[in-house]
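The values are calculated or read from the model by the stated rules, or taken from the named source; none is laboratory data. Source: prediction; values computed, not measured. Here the Cβ positions follow ideal geometry from the backbone for every residue, glycine too, while neighbour counts run over all protein chains shown.
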Ligand SMILES: C[S@@+](CC[C@H](N)C(=O)[O-])C[C@H]1O[C@@H](n2cnc3c(N)ncnc32)[C@H](O)[C@@H]1O
């Protein structure tokens, strides 16, 4: 495959450091924005940048691939109404925590969990692959307390600490954004089993509850407003429709690269009580790992890159990906009154970068109602290798340096 097919410099493209471009959000991990490691989560500055510069009072924003729900938590800070959708049921849980006003914690909560004798065992044949027996009995008591004994407020507060501890007390590597049994994770479990892991579990639970309280307070310091919101978790974007118009669509669609959100959050979903068949049915709806009705794609860039893919399964993935996201944007855009902001990360097929942003722009412009106003190019700061972005030896743009694109489409 040729290495330099990317579109050249374009006057509508502007470099930006989104992390530094907003006034109201002090840092990416401020308050609830870093409550939990949801894969490919927005840094809050992305939606905040849009809301500071393009939203007006009384407007409603909408994210059809809301994931963790960052757009909603940011919208509250800017006093905007919002609507969030996602296939992943976790969205609803995270959203209910972020809405919570911190209150003093029940001082006896940890003791109550310790004294709880019932067990909750997830409906999962693979459970013992992910946890040693010793941890299953510890976790099942805590989760039974969560499911059957906790009051509504304690339930909200316990959720994230329990999810984090469930991952820590497992063979899953909590440091990566995939469900993955790494060497580090095996060694972690071996080490934990040699310690007083029960005492550690409860002391970490207490620490995490404290962290959560702190994060909720931090978020409240941003003065989130009471706004109207609608949250639809466990929905398939290909089958869902907006009931009312929205002003701004802002979203980051799933990645073209392998990022399976349901699979990645399986451990969480099972302990939350979701059943095997249901989780499987959700995974089958995930974009791009599913068949999607073919649409006519009005983008030369799409067709050019398509000719470079030889393997049948990659071609299927490529087609299903664009059929899915473009049909969704096309259909949902009918009820978007003002702007669409589409944030796409780097994506490669067999080492070839695919300019998803360009394909989205060409297709949406050809459809007639949308005009490309601007694209902001943000560098993924943590992975920058050379400050210039060029390999000093060759002068060629560094392939290892990733960029993300914030495409702005305005209704004509
Ligand atoms: C890049 S992530 C969005 C992350 C989000 N911006 C955040 O701040 O957390 C893409 C999301 O698309 C969702 N998704 C994948 N297929 C979907 C489908 N068919 N319907 C609805 N959502 C889907 C995934 O569950 C994932 O949460």
For region 155-172 the number of residues that are buried (at least 23 other Cβ atoms within 10 Å of the Cβ) and without any contact (Cβ under 8 Å) to a residue 40 or more places away in the chain is 1
Surrounded by fewer than 14 Cβ atoms within 10 Å (Cβ to Cβ), within 24 Å of residue 84 (Cβ to Cβ) and touching a strand residue (DSSP E or B) at 6+ places or on another chain (Cβ under 8 Å) - does that describe any residue in region 218-236? yes
Criterion (modelled with pLDDT of 95 or more and either within 16 Å of the ligand (Cβ to nearest atom) or not assigned by TED's automatic domain parsing to the domain that holds residue 239 (or both)) met by exactly one of 360, 336: 360
Of (1) touching a residue at least 12 places away in the same chain (Cβ under 8 Å); (2) not in a loop (DSSP other than H, G, I, E, B), residue 315 fails just (1)
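Do we find that residue 185 is touching a residue at least 24 places away in the same chain (Cβ under 8 Å), more than 19 Å from residue 211 (Cα to Cα), surrounded by 18 or more Cβ atoms within 10 Å (Cβ to Cβ) and in contact with a strand residue (DSSP E or B) (Cβ under 9 Å, 6 or more places away or on another chain) in this structure?
For residue 185, the condition - touching a residue at least 24 places away in the same chain (Cβ under 8 Å), more than 19 Å from residue 211 (Cα to Cα), surrounded by 18 or more Cβ atoms within 10 Å (Cβ to Cβ) and in contact with a strand residue (DSSP E or B) (Cβ under 9 Å, 6 or more places away or on another chain) - is not met.
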From the list 78, 73, 54, which one is more than 19 Å from residue 255 (Cβ to Cβ), buried (at least 20 other Cβ atoms within 10 Å of the Cβ), more than 14 Å from the ligand (Cβ to nearest atom) and in the same structural domain as residue 335 (by TED's automatic domain parsing)? 78
Filter region 273-287 down to residues that are part of a helix (DSSP H, G or I) and in contact (Cβ under 8 Å) with a residue 40 or more places away in the chain and give me whichever is nearest to the ligand (Cβ to nearest atom). 282
Can you name the strands (runs of 3 or more DSSP E) wholly within region 1-99 that have at least 3 residues being more than 29 Å from residue 236 (Cα to Cα)? 13-16
Residue list for region 230-259, restricted to those being in contact (Cβ under 8 Å) with a residue 60 or more places away in the chain, under 20 Å from residue 177 (Cα atoms) and in a loop (DSSP other than H, G, I, E, B): 252, 253, 254, 255, 256, 257, 259
Scan region 292-300 and give yes if some residue there is within 11 Å of the ligand (Cβ to nearest atom), surrounded by 14 or more Cβ atoms within 10 Å (Cβ to Cβ), within 30 Å of residue 120 (Cα to Cα) and touching a residue at least 12 places away in the same chain (Cβ under 8 Å), otherwise no. no
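Go over the candidates 150, 115 one by one and state the one that is more than 16 Å from the ligand (Cβ to nearest atom), surrounded by 15 or more Cβ atoms within 10 Å (Cβ to Cβ) and in the same structural domain as residue 194 (by TED's automatic domain parsing).
150
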Given (1) away from the ligand (no atom under 15 Å from the Cβ); (2) at pLDDT 90 or above, identify the lone condition not met by residue 328. (1)
Quickly run through region 33-50 and pick out the residues that are surrounded by fewer than 24 Cβ atoms within 10 Å (Cβ to Cβ), more than 19 Å from residue 267 (Cα to Cα), in contact (Cβ under 8 Å) with a residue 40 or more places away in the chain and within 11 Å of the ligand (Cβ to nearest atom). none
If residue 270 satisfies every condition in (1) within 16 Å of the ligand (Cβ to nearest atom); (2) under 20 Å from residue 37 (Cα atoms); (3) surrounded by 17 or more Cβ atoms within 10 Å (Cβ to Cβ) but one, which is the exception? (1)
